[in-house]
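Trainee: Quick one: the structure is below, questions incoming.
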Amino acid sequence: MTGFLKANYHTHTYRCQHAYGSEREYIEAAIRMGIAELGFSDHVPCPFKDGYVSGIRMTMEQAPEYVYAIRELGKEYASDIKLYVGFEAEYIPEFFKEQKAMFDRLGCDYMIMGQHFMKSEQTGPYTGTPTDDESRIREYVDTVIEGMKTGMYSYLAHPDLINYQGLDSVYEWEMTRMCKALKELDIPLEINMLGISAGKHYPTERFWCIPHDIGNKVILGLDAHTVDNICDVESYEKALDIVRKYDLNLIDRIEI
Ligand SMILES: [Zn+2]
Ligand SMILES: [Zn+2]
């Protein structure tokens with residue numbers, strides 16, 4: 001179909017334990033929708049100490065199989081669609097070195113940053129938990145900027161995941177600081193379409209009025225956890241309404 005995404009770099013797999021369906025189903029849906037580039041960016045595994053096992057991401061041991069599976073499908077569907085394999089990752093300094101080594105050794109294509117937790121999911125809290133604590137939004141912005149300076153991340157997923165409910169002036173100041181830093185680094189911001197269809201607190205217009213003035217690049221991301229998410233025309237239209245309302249600098253693909 002025409003009038004839909006040409007590229008999507010935000011796709012999960014069943015390995016994260018909260019996405020459903022096979023990669024093949026996602027790929028065939030994407031082809032039907034006219035998507036020319038599909039990037040798998042499942043939740044990055046973390047080298048937890050003390051034997052902790054996450055219920056929301058694959059293990060470090062599963063990563064080679066994940067990359068291999070997508071590479072094989074990439075060859076099989078090469079004439080219909082370009083596939084990439086990478087991760088959606090929190091920037092967590094204590095895990096970064098090991099995750100980068102894994103990324104390099106497996107020959108992954110890209111990572112996007114999704115800062116769901118500030119330190120680790122073991123210590124929490126989830127970034128999307130409502131808070132009026134200024135230190136939390138400040139830490140979010142500081143961590144995103146520090147992580148982006150490593151040059152490892154192609155864009156920032158759901159930048160408005162942080163759910164600070166305190167003073168508007170604080171929100172505006174901190175998010176402006178983040179947008180300016182990302183503009184400087186030429187890193188796009190994602191309007192998250194799953195947030196729209198699932199009725200989450202993002203995307204929020206409180207945030208999207210900021211990137212217009214700064215001139216950030218903006219990209220749409222499906223954040224697909226189901227095959228239906230791949231075909232979500234309604235959320236696509238709503239995301240475009242935000243782009244038009246705030247006259248955002250929309251790009252339709254990134255260089256990988
Ligand atoms: Zn995410
Ligand atoms: Zn995601």
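Trainee: Using all C-alpha to C-alpha distances in the range 202-245, build P(r) with 10 Å bins and read off the rounded percent in each one.
Mentor: With 10 Å bins starting at 0, P(r) equals 24, 52, 22, 3.
Trainee: Take every DSSP beta bridge whose two residues both sit in the range 7-250, then give the antiparallel share in percent to the nearest 5. Walk me through the intermediate numbers first.
Mentor: Values: 1 of 24 bridges.
That works out to approximately 5 percent antiparallel.
Trainee: Counting pairs on different chains as well as pairs 8 or more places apart, how many Lys pairs in the chain have Cα atoms under 22 Å apart?
Mentor: 24
Trainee: With every protein chain left in place, what is the accessible area per residue of the chain in square angstrom, probe 1.4 Å?
Mentor: Details: 11060 Å² over 256 residues.
So the chain comes to 43 Å² accessible per residue, rounded to a whole number.
Trainee: Shape call for the range 6-49 from the C-alpha gyration tensor, a ≥ b ≥ c root eigenvalues: rounded (a/c under 1.5), prolate (a/b greater than b/c) or oblate? Walk me through the numbers on the way to the answer.
Mentor: Working: a/c = 4.31, a/b = 1.98, b/c = 2.18.
The shape class here is oblate.
Trainee: Would you work out if the range 7-250 is rounded, prolate or oblate? Take a ≥ b ≥ c from the square roots of the eigenvalues of the alpha-carbon gyration tensor; rounded if a/c is under 1.5, else prolate when a/b is larger than b/c, oblate otherwise. Can you show the working numbers first?
Mentor: Values: a/c = 1.73, a/b = 1.20, b/c = 1.44.
Cα axes put the range 7-250 in the oblate bin.
The values are calculated or read from the model by the stated rules, or taken from the named source; none is laboratory data. What you see is a predicted model; the values in this text were computed from it and never measured. Side chains included, ligands, DNA and RNA excluded: accessible areas come from the protein's heavy atoms. Shrake-Rupley method; radii C 1.70, N 1.55, O 1.52, S 1.80 Å.
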